[in-house]
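Worksheet: one structure, shown below.
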Amino acid sequence: RCLLKMVKGNIIVPEEILSFCCNGLQGSTSPPRAREPGEREEAPGAMASPSPARNPTEVQMSQLVLPCHTNHRGELSTGQLLKWIDTAACLSAERHAGCPCVTASMDDIYFEHTISVGQVVNIKAKVNRAFNSSMEVGIQVSYEDLCSGKHCSICKAYATFVAQGPLGSKVRLKPLTPQTEEEKIEYSIAAERRRMRLVHKDTLKDLLTRSPQETELETRDGSGAVPAEKTRVESVELVLPPHANHQGNTFGGQIMAWMENVATIAASRLCHAHPTLRAIEMFHFRGPSQVGDRLVLKAIVNNAFKNSMEVGVSAEAYGQEMSVSRRHINSAFMTFVVLDQEGHPRTLPMLAPEPGDGERRYREASARKKIRLDRKYVVSCKQTEVPLSVPWDQSNKVYLSYNNVSALKLLVAKANWALAREKEKVRMYTLEEDKFLSFRIEMSVSIAASRAFSLLSNLQRRHEWDSHYVSAELVQKVDDDDMIYHVVSQKLRHENKPQDFVILASRRKPCSKGDPYVVAFRSVTLPTHPARAEFTRGETLCSGFCIWPESEEMSKVAYYNQAMPGYLNYVTTNVAGLSSDICSTFEACEKFLLKNKEDLISRLQD
């Protein structure tokens with residue numbers, strides 16, 4: 001009612017406007033309708049038809065793109081979009097935490113389309129999983145054309161937020177319980193994404209150390225190359241109250257927008273054109289800044305490839321005293337392209353790096369490009385679009401491991417499994433999807449989950465209980481969680497020679513209570529083990545074990561397999577005829593576990 005009078009002009013707001021404002025807050029702008037004779041009064045809050053339960057952490061934001069939000073081409077600036085994304089994600093995180101939250105990092109973002117003035121940006125954010133004091137928020141961005149009704153996806157992002165208590169102390173978060181199939185999938189795979197974030201830096205260092213030949217300076221004619229120094233940009237921003245969030249810290253989205261601005265200027269200085277931002281590599285916030293701080297933003301083109309360039313950008317903060325050392329706030333790498341009139345990427349001029357640090361940044365940019373391509377090739381595409389046997393090397397080992405485990409977790413989370421056979425303790429389920437026939441076999445075994453996990457993750461012992469396996473040779477121990485095996489199996493029907501596989505086995509212990517132990521298998525390609533004439537090379541896209549603890553000495557063991565064309569006839573025969581072969585194999589697995597659990601205890605004690 002403070003709107004009743006506007007002091008300066010002494011303007012009285014009409015009562016109709018006040019009525020509109022008050023009723024609008026209640027969801028109605030019309031007076032109550034009189035009931036007809038005999039009509040029953042509707043209970044307060046009652047609805048005509050029940051709507052599906054909505055995730056309590058879900059936040060939806062819709063923004064109309066105005067000229068003030070756009071660049072010279074009338075397209076929404078990426079910096080403004082980043083601010084909206086960060087705002088929606090933060091609100092979602094705070095809904096779950098019940099306290100202030102700050103942005104810790106933002107995963108890679110790939111922008112599929114640009115958004116024009118007059119269109120609507122729709123952003124949906126919800127918490128995928130809560131860990132101890134941090135949580136992952138998934139964000140989906142799309143645009144809507146109000147005239148044509150067209151909807152189109154723009155990008156998908158994952159942000160990590162940290163809950164903060166008084167004086168910046170960390171807050172322990174309550175666990176999140178997923179409800180829908182989609183939420184269960186995101187919840188399960190969030191642990192894999194978290195693991196991938198933690199090893200991101202190590203992946204780059206490992207590639208630079210092991211494969212220097214892949215990151216050498218470009219050898220094409222560089223007579224017209226642009227010196228990298230000419231692309232350098234430095235700008236300072238004073239953090240004012242409108243730039244701060246409700247906690248007094250500089251809004252993370254605002255910092256990302258400033259960084260995008262200086263990166264765009266650096267890219268323009270190389271190509272002398274207006275570049276388009278295509279991808280952002282992970283933002284990682286290393287510390288906060290407050291109102292009154294000065295933020296120094298620096299950007300330089302690290303490397304120019306044929307059709308794209310990488311710009312490195314950083315943000316540092318300092319207070320009023322220049323003598324105080326600057327605090328490193330954030331760093332990121334952004335990939336730009338320059339589009340012609342048909343929307344195709346133009347060829348870019350070469351870059352001449354500075355000696356020393358410039359050459360180091362140049363090589364690191366080449367390594368990051370390879371990692372980005374591997375990550376997009378293996379991680380970002382749909383499961384059915386990933387080739388069965390992806391070539392394995394040091395640069396993509398983290399992403400192949402992620403794909404291996406996440407594919408199995410996705411299969412586990414499916415809701416349409418149908419019981420095909422039950423024999424004593426063994427239950428067999430099937431799932432038909434497109435060209436795949438998947439099956440799941442499960443039973444309860446009197447063995448601790450950790451012991452079953454240790455036994456079943458060793459493929460070299462699988463022939464002891466699986467008659468289809470002849471041998472499994474350990475080809476390479478990638479790390480403690482990932483191994484590559486060369487497996488030889490029995491001849492299949494209508495085959496005159498045995499099959500062989502090159503399999504990546506990825507192990508995962510539970511991330512939190514309620515998670516299973518996971519052993520995932522998928523085919524990979526190794527140059528040291530090409531297909532040989534004496535074998536029929538087989539491939540597996542997704543298979544493995546999930547082991548859930550039921551008590552200290554009881555576990556539920558489940559085996560999953562997504563059958564491929566080469567193996568489909570065998571599986572179909574067993575399912576259609578309800579053959580006991582698969583169940584018998586799993587019963588042999590139970591005997592193997594029970595026989596070896598005592599031996600395993602003895603070895604662990606030794």
Of all residues in segment 259-299 being touching an Asp or Glu at 6+ places or on another chain (Cβ under 6 Å) and under 25 Å from E112 (Cα atoms), the one that is surrounded by the fewest Cβ atoms within 10 Å (Cβ to Cβ) = M282
Checking L339 against (1) closer than 26 Å to I115 by Cα; (2) crowded, with 21+ Cβ neighbours inside 10 Å; (3) not charged (D, E, K, R), which single condition isn't satisfied?
-> (2)
Would you please name the residue that is modelled with the highest pLDDT, looking only at residues in segment 52-69 that are open to solvent by 100 Å² or more (accessible area, probe 1.4 Å) and in a loop (DSSP other than H, G, I, E, B)?
-> P56
Taking the stated definitions as given, is S308 more than 26 Å from V102 (Cα to Cα), hydroxyl-bearing (S, T, Y) and open to solvent by less than 30 Å² (accessible area, probe 1.4 Å)?
-> yes
Across segment 510-530, what is the number of residues that are of a type in the set (G, A, S), assigned to a loop (DSSP other than H, G, I, E, B) and modelled with pLDDT of 90 or more?
-> 0
Which of (1) modelled with pLDDT under 90; (2) within 24 Å of P510 (Cα to Cα); (3) of a type in the set (D, E) is the odd one out, the single condition E442 does not satisfy?
-> (1)
For T78, indicate whether it is over 30 Å from T177 (Cα atoms), touching a helix residue (DSSP H, G or I) at 6+ places or on another chain (Cβ under 9 Å) and buried (at least 23 other Cβ atoms within 10 Å of the Cβ).
-> yes
Listed by first then second residue, the pairs whose first member lies in segment 59-72 and is over 12 Å from S116 (Cβ atoms), whose partner is of a type in the set (G, A, S), with beta carbons under 7 Å and at least 6 positions apart or on separate chains, are V59/A88; V59/S92; V59/A125; M61/A88
Every residue from segment 143-161 that is more than 14 Å from Y110 (Cβ to Cβ) and either of a type in the set (V, I, T) or assigned by the TED database to the domain that holds G248 (or both) | T160
Is one or more of the residues making up segment 491-506 farther than 30 Å from V445 by Cα and among the β-branched types (V, I, T)?
-> no
Does segment 358-378 contain any residue that is at pLDDT below 80 and either loosely packed, with under 14 Cβ neighbours inside 10 Å or not in a helix (DSSP H, G or I) (or both)?
-> yes
Does E442 fit the bill of being in contact with a strand residue (DSSP E or B) (Cβ under 7 Å, 6 or more places away or on another chain), of a type outside the set (A, V, I, L, M) and outside any helix (DSSP H, G or I)?
-> yes
Is one or more of the residues making up segment 446-457 closer than 24 Å to T528 by Cβ and under 33 Å from the mean Cα position of the chain (by Cα)?
-> yes
Selection from segment 456-468 of residues that are open to solvent by less than 70 Å² (accessible area, probe 1.4 Å) and closer than 16 Å to F545 by Cα = L456, S457, N458, L459, R461, R462, W465, D466
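Quick grid of which residues meet (1) of a type in the set (A, V, I, L, M); (2) crowded, with 19+ Cβ neighbours inside 10 Å; (3) not in a helix (DSSP H, G or I):
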site: M135; (1), (2), (3): yes, yes, yes
site: S142; (1), (2), (3): no, no, yes
site: T160; (1), (2), (3): no, yes, yes
site: T177; (1), (2), (3): no, no, yes
site: E182; (1), (2), (3): no, no, no
site: E192; (1), (2), (3): no, yes, no
Looking for whichever is touching a Lys or Arg at 6+ places or on another chain (Cβ under 9 Å), of a type in the set (A, V, I, L, M) and open to solvent by 60 Å² or more (accessible area, probe 1.4 Å) here; the options are A415, A407, A448, A472. Which one fits?
-> A415
Here the residues within segment 311-324 that are open to solvent by 30 Å² or more (accessible area, probe 1.4 Å) and of a type in the set (V, I, T) are V324
So which residues in segment 261-319 are among the basic types (K, R), under 29 Å from the mean Cα position of the chain (by Cα) and under 24 Å from V337 (Cβ atoms)?
-> R278, K298, K306
If you check Q164, Q140, which single one turns out to be free of Cβ contacts under 8 Å to residues at least 60 places away in the same chain and either over 26 Å from A520 (Cα atoms) or not assigned by the TED database to the domain that holds A415 (or both)?
-> Q140
Filtered residue count, segment 488-509, keeping only those that are under 23 Å from V398 (Cβ atoms) and either free of Cβ contacts under 8 Å to residues at least 12 places away in the same chain or in a strand (DSSP E or B) (or both) = 8
Mind checking whether some residue in segment 184-198 is under 27 Å from P100 (Cβ atoms) and over 17 Å from the mean Cα position of the chain (by Cα)?
-> no
Within segment 70-121, count every residue that is assigned to a helix (DSSP H, G or I) and within 21 Å of V262 (Cα to Cα).
-> 9
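The values are calculated or read from the model by the stated rules, or taken from the named source; none is laboratory data. Because the structure is predicted, anything quoted here is derived from the model rather than measured. Using ideal geometry, Cβ is built from the backbone for each residue, glycine included, and neighbour counts are taken over all protein chains shown. For accessibility, only protein heavy atoms count, side chains too; no ligands or nucleic acids. Shrake-Rupley method; radii C 1.70, N 1.55, O 1.52, S 1.80 Å.
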